[in-house]
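Every number here is computed from the coordinates shown, using simple stated rules; none is lab data. All values reported here derive from a predicted model rather than from experimental measurement. Because the Cβ atoms are built from the backbone with ideal geometry, glycine has one as well, and the counts that use them run over all protein chains shown.
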Amino acid sequence: MTVWDRPEPPTRPVPLDRARIVVAAVALADEGGLEAVSLRKVAARLNAGPMRLYGYIATKEELFDLMLDEVRAEIVPAGPPGDEVRAEALPAGPPGDWRAALHALAHGTRRTALRHEWLADLLGGRPALGPNGLAVGEATLAALEGHTDIDTAMRAVETVNAYVTGAIRREVARLRAERATGLSEREWQRASGPHLTRMLATGRFPTLSRAVHDGTDVDAATSFAIGLEWILDAVAARLAQPAGE
């Protein structure tokens, strides 16, 4: 039985429910990462005894599942960028613009991960079974309905998700490195410049040398957007192939 299927205990003098527990856990993770989250710390924030939480959540892994589903509600925008709507409000049904749907999923996931950096540590795990995760998955697959068979649609979504997960983890890792070293990306590049110049001058890395001297340096958002368009182009090419090829 999943945490979503298990009934909550009756109310007691100090009001408590899974929604309050999850909000407190998300706040702790936003402040200090997943390592800052424990049932004891969540209970302390709610002024409740730690043992009371076990009536609602059996393990820390269940708490992480609930936290992940909570922030998945922020992923898919409705209207202008930044105008989020809870995932259960997403339409699911007739065939839609699959590229726009996957584009929204990718950029919405990145925006959410930058608000909640700990999300990067939970992406790519087991399928999301919470209501928001299921709603996002339904809306995304529904957009591909009518364009291809269900297996191809699933592989397309998996391919986009794999790119998004990798790109987000890389970006978040860099943000964490900046905080750990106290150096921005530009400051780190300047500090590392003399070493890199000496290494490239050996002639052992000609391709890297061309990339450093002739390549265009872009910010994380631009890099993410370009890579995503390439992935969506590949999906479009696959969808254009006749069935069975």
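Taking the longest Cα principal axis of the chain as reference, the axis of helix 18-32 is set at about 30 degrees. Taking the chain as the reference, fit the longest principal axis to its C-alpha atoms, fit the long axis of helix 131-144 to the helix C-alpha atoms, and give the angle between the two in degrees, 0 to 90, nearest 10. Here the helix axis deviates by roughly 50 degrees.
Measuring r between the beta carbons of Arg20 and Arg176 and using R0 = 35 Å, the FRET efficiency lands at 0.75.
Averaging the Cα positions of each part gives two centres, and for the stretch 225-242 and the stretch 168-223 these lie 28 Å apart.
A simple rule links phi to the HN-Hα coupling: the Karplus curve 6.51 cos²θ - 1.76 cosθ + 1.60 with θ = phi - 60°, which for the stretch 49-66 gives x, x, 5, 5, 5, 5, x, 10, 9, 7, 9, 5, 4, 5, 4, 4, 4, 5 Hz, with x for Gly and Pro.
Karplus-based coupling profile of the stretch 226-235, in residue order and whole Hz: 5, x, 4, 4, 5, 5, 5, 4, 5, 4, with θ = phi - 60° in 6.51 cos²θ - 1.76 cosθ + 1.60 and x standing for Gly or Pro.
Eigen-decomposition of the gyration tensor built on the alpha-carbon atoms of the stretch 1-72 gives equivalent ellipsoid semi-axes of 18, 15, 10 angstrom, largest listed first. Across the stretch 149-162, computed HN-Hα scalar couplings (Karplus, 6.51 cos²θ - 1.76 cosθ + 1.60, θ = phi - 60°) run 6, 5, 5, 5, 4, 5, 5, 5, 5, 4, 5, 5, 4, 5 Hz from first to last residue, x flagging Gly and Pro. For Leu208 and Ala237, the FRET efficiency from 1/(1 + (r/R0)^6), where r spans their Cβ atoms and R0 equals 30 Å, is about 0.50. Ordered by the number of other Cβ atoms lying within 10 Å of each residue's own Cβ, fewest first, Arg169, Arg126, Arg198, Arg110 fall into the sequence Arg126, Arg198, Arg169, Arg110. Model label points for Asp219 and Glu31, set 7 angstrom from Cα along the Cα-to-Cβ axis, are 3.0 nm apart.
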